[in-house]
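Let me begin by presenting the structure, written as structure tokens, before commenting on it.
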Amino acid sequence: MTVVPANAQSISRAAELLQAGGLVAFPTETVYGLGALALDSQAVARIFEIKGRPSFDPLIVHVLDRATLERVAHAFPPAAERLAARFWPGPLTLVLPKAPGVPEIVTAGLATVAVRMPSHPVARALLAAVAAPLAAPSANRFGGLSPTRAEHVERDFGATLFILDEGRSPHGIESTVVALEPRPALLRPGAIPAEEIEAVIGPLAREEAGPVRAPGQLRRHYSPCTPLRVIEPATVAAAERADAGALSLREEFAGYAVSRVLSRRGDLREAAAGFFEALHALDALGLERIDAQPLPERGLGLAMMDRLTRAMSSRAESRDERNN
Ligand code: TXA
Ligand code: MG
């Protein structure tokens, strides 16, 4: 059995596997992660191998506490201090100068390391049991949909992986990635709205254009296998609805093979929590197409629109990338 309910016994088994250089999938408050000991370059190499992830794409290092943080990050600027005080433990990733002991493979050769201190009790129990930092990308094959349930991880990796199961990830969308230097910048919108971060440290540069600093910035990413477009379903002709699915914020659309609503109340937090789950479910139906309604680009709507516009890039291209 690969999917195991998270409890004291399975967590200590998972810690043993990690300490032996193995990989374990585990729940976090954002999405499920695929973890390995961050300071063990061979273990980290296996993450790239089984994800099919290009090695220029650096990983996030998860730490339990400040003492572990100091093993991976070599400096902690004042703005990072203020953000950590406000949002850690929680779904914020900070890009910091890396400590010498962090293997190059974790940071893809960059002088910086992305770090976060998760709040999920199972992630924390696992970090406490291994007593070491864990590198963990989302536990999906490269370029695909992020997993918000153990079953999503199992679908991608099957029997090869030990998966700690603790139901649905509460936020349902990845952490927000913020760089502090040379200036504060939003590298990936995520579970903490950019507005909340700006309320603490002032304006964030949006690093959408320019050189790729976070490969979550790659245009093709977070893609389902079914072609997806961002379009107002109300504008789609009845004849084009029959073999397609609709994904919308609050109202259902008639005539679609299936119409998924993210939050009847129009609540963006509730919508984000079920967002990848809805995409996984639609993707499993073998539809011709998914029509995703544009979401308001504020709060968590920004992170969801980011994922949708990346998912919209051509399926053929993303398939090529995944097969590489
Ligand atoms: O919520 C999350 O962050 C989840 C859970 C498992 O913690 N993890 C996650 O990891 O989404 P991953 O590997 O799928 O995304 C990591 C993001 C990528 O966009 C990567 O490029 C960026 O963080 N990143 C990592 N190290 C970086 C660095 N040194 N500089 C800039 N961006 C970095
Ligand atoms: Mg990912």
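The values are calculated or read from the model by the stated rules, or taken from the named source; none is laboratory data. Since this is a predicted model, take the numbers as computed values, not measurements. Every residue, glycine as well, gets a Cβ built from its backbone with ideal geometry; the counts of neighbours run over all protein chains shown.
Selection within the stretch 93-114: residues that are more than 16 Å from ligand 2 (Cβ to nearest atom) and hydrophobic (A, V, I, L, M, F, W, C). The member of this set that is surrounded by the fewest Cβ atoms within 10 Å (Cβ to Cβ) is Ala111. For the stretch 121-148, a residue qualifies if it is assigned to a helix (DSSP H, G or I) and small (Gly, Ala, Ser), and the qualifying residues are Ala123, Ala125, Ala128, Ala129.
In the stretch 1-32, the qualifying residues are those that are among the hydrophobic types (A, V, I, L, M, F, W, C), under 14 Å from Leu161 (Cβ atoms) and in contact with a helix residue (DSSP H, G or I) (Cβ under 8 Å, 6 or more places away or on another chain), and the one that is surrounded by the most Cβ atoms within 10 Å (Cβ to Cβ) is Phe26.
Inspection of the stretch 116-124 identifies no residue that is away from ligand 1 (no atom under 11 Å from the Cβ) and more than 17 Å from Trp88 (Cα to Cα). The single condition among (1) within 13 Å of ligand 1 (Cβ to nearest atom); (2) without any contact (Cβ under 8 Å) to a residue 40 or more places away in the chain; (3) of a type outside the set (Gly, Ala, Ser) that Arg183 does not meet is (1).
So is Glu174 surrounded by fewer than 22 Cβ atoms within 10 Å (Cβ to Cβ) and either among the acidic types (Asp, Glu) or not in a loop (DSSP other than H, G, I, E, B) (or both) or not?
So Glu174 fails the test.
Here Glu49 qualifies as without any contact (Cβ under 8 Å) to a residue 12 or more places away in the chain and either under 27 Å from Leu279 (Cα atoms) or within 16 Å of ligand 2 (Cβ to nearest atom) (or both). Residues in the stretch 49-68 that are within 17 Å of Ala139 (Cβ to Cβ), surrounded by fewer than 19 Cβ atoms within 10 Å (Cβ to Cβ) and of a type in the set (A, V, I, L, M, F, W, C): Ile50 alone.
Here Gly158 passes the criteria (1) over 19 Å from Val61 (Cα atoms); (2) surrounded by 22 or more Cβ atoms within 10 Å (Cβ to Cβ); (3) not polar (S, T, N, Q) except the one numbered (2).
Evaluated against (1) assigned to a helix (DSSP H, G or I); (2) within 16 Å of ligand 2 (Cβ to nearest atom), Glu151 falls short on exactly one condition, (2).
Here's the yes/no breakdown for (1) over 25 Å from Leu204 (Cβ atoms); (2) at pLDDT 95 or above; (3) touching a strand residue (DSSP E or B) at 6+ places or on another chain (Cβ under 9 Å):
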{"residue": "Asp57", "(1), (2), (3)": "no, no, no"}
{"residue": "Val61", "(1), (2), (3)": "no, yes, yes"}
{"residue": "Leu69", "(1), (2), (3)": "no, yes, yes"}
{"residue": "Phe76", "(1), (2), (3)": "no, no, yes"}
{"residue": "Leu94", "(1), (2), (3)": "no, yes, yes"}
{"residue": "Val106", "(1), (2), (3)": "no, no, yes"}
{"residue": "Ala111", "(1), (2), (3)": "no, no, yes"}
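Every condition in (1) buried (at least 16 other Cβ atoms within 10 Å of the Cβ); (2) assigned to a loop (DSSP other than H, G, I, E, B); (3) not small (Gly, Ala, Ser) is met by Ile290 except one, and the failing one is (2).
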